[in-house]
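Read-outs throughout are calculated quantities, based only on the coordinates presented, and are distinct from any laboratory measurement. These figures come from a predicted structure and were not determined experimentally. Don't worry about glycine lacking a Cβ; one is built from the backbone with ideal geometry, like all the others, and counts go over all protein chains shown.
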Amino acid sequence: MTTKAMLLPRNATGSSLPPIDAFGDGGFRIAGVRKEGPTLIVDGAARPWSLKGEALDLGDLKLFIDRPDRPDMLVLGMGERLIHPPASIRQAFRQAGIGLEVMDTATACRTYNLLAGEGRNIAAALLPV
């Protein structure tokens with residue numbers, strides 16, 4: 001299924017987090033650069049997200065929990081529709097003290113830009129639409 005790319009307002013606050021400029025057609029444009037497929041935004045940069053299998057599991061997100069400089073929140077975009085991750089993922093993030101905001105990818109992109117623009121300590125894990 002081909003989806004039309006969706007443009008988003010650019011983050012103009014000077015945040016060190018890269019803004020998501022657009023999404024759709026199987027990828028994202030982040031800080032002006034096209035990224036294909038699942039994408040992470042962590043450490044102030046976008047990079048490919050290699051998923052371990054068909055279904056999301058804790059191993060796919062462990063890098064956020066295992067790091068000493070954990071984000072305050074992870075914005076998790078699950079694709080075209082909101083699909084809740086397994087309880088083990090939610091529990092692991094709660095125990096690590098990291099907020100986990102799960103939403104469809106369109107909402108996740110807008111939420112990420114809003115929070116990044118406020119200078120929040122966040123990261124994103126995004127499945128394409």
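Taking amide H as placed 1.01 Å from N in the peptide plane, the amide H of Gly27 sits under 5 Å from that of Gly37, Val129, each at least 5 places away or on another chain.
Work out, step by step, the length gained on full extension between Ser16 and Ala55: first 0.36 nm times the residue separation, then minus their alpha carbon distance; give nm to one decimal. Numbers along the way, then the final one.
On the way: separation 39, 0.36 × 39 = 14.04 nm, distance 3.13 nm.
Answer, rounded to one decimal: 10.9 nm.
Treating the beta-carbon of each Lys and Arg as +1 and of each Asp and Glu as -1, no other charges, what is the dipole magnitude of the stretch 58-120 about its Cα centre, to the nearest 20 debye? Kindly include the intermediate steps, with their values, before the conclusion.
Values: 8 positive and 8 negative charges, 26 e Å.
I would put it at about 120 debye.
Relative contact order, percent, of the chain when contacts are C-alpha pairs under 8 Å separated by at least 6 residues? Display every interim value, and only then the final one.
Values: 260 pairs, mean separation 39.0, N = 129.
The value is 30 percent.
Each residue of the stretch 35-40 is assigned a 3J(HN,Hα), and the resulting list reads 10, 8, x, x, 9, 10 Hz, derived from the Karplus form 6.51 cos²θ - 1.76 cosθ + 1.60 (θ = phi - 60°), x at Gly and Pro. Annotation: amide H-H contacts under 5 Å for Leu100 (H modelled 1.01 Å from N, sequence separation of 5 or more, or interchain): Leu74.
What net charge do the residues around Phe28 carry, taking every other residue with its C-beta under 11 Å from that of Phe28, with Lys and Arg at +1 and Asp and Glu at -1?
My count for the surroundings of Phe28 gives 0.
A value for semi-axes √(5λ) of the Cα gyration tensor in Å was derived from the coordinates, and within the list (i) 34, 18, 11; (ii) 48, 12, 11; (iii) 21, 18, 12 it appears as (iii). The stretch between Val33 and Gln91, if pulled fully straight at 0.36 nm per residue, gains 17.5 nm over its current Cα-Cα span.
Using helices alone, I'd like the mean residue ellipticity at 222 nm for the chain: each DSSP H run of four-plus residues gives -39500 (n - 2.57), total over residue count, nearest 500. Don't skip to the end; give the middle numbers.
Numbers: 3 runs with 32 residues, N = 129.
Result for the chain: -7500 deg cm²/dmol, rounded to the nearest 500.
By the count of other C-beta atoms within 10 Å, a proxy for reagent exposure, Thr105, Thr111, Thr39 are ordered fewest to most as Thr111, Thr39, Thr105.
Listed by Cβ neighbour count within 10 Å, with the fewest neighbours leading, Ile122, Ile98, Ile83, Ile65 appear as Ile83, Ile65, Ile98, Ile122. Could you give the dipole magnitude of the stretch 12-52 about its Cα centre, charging the beta-carbon of Lys and Arg +1 and that of Asp and Glu -1, in debye to the nearest 20? Dipole size: approximately 100 debye.
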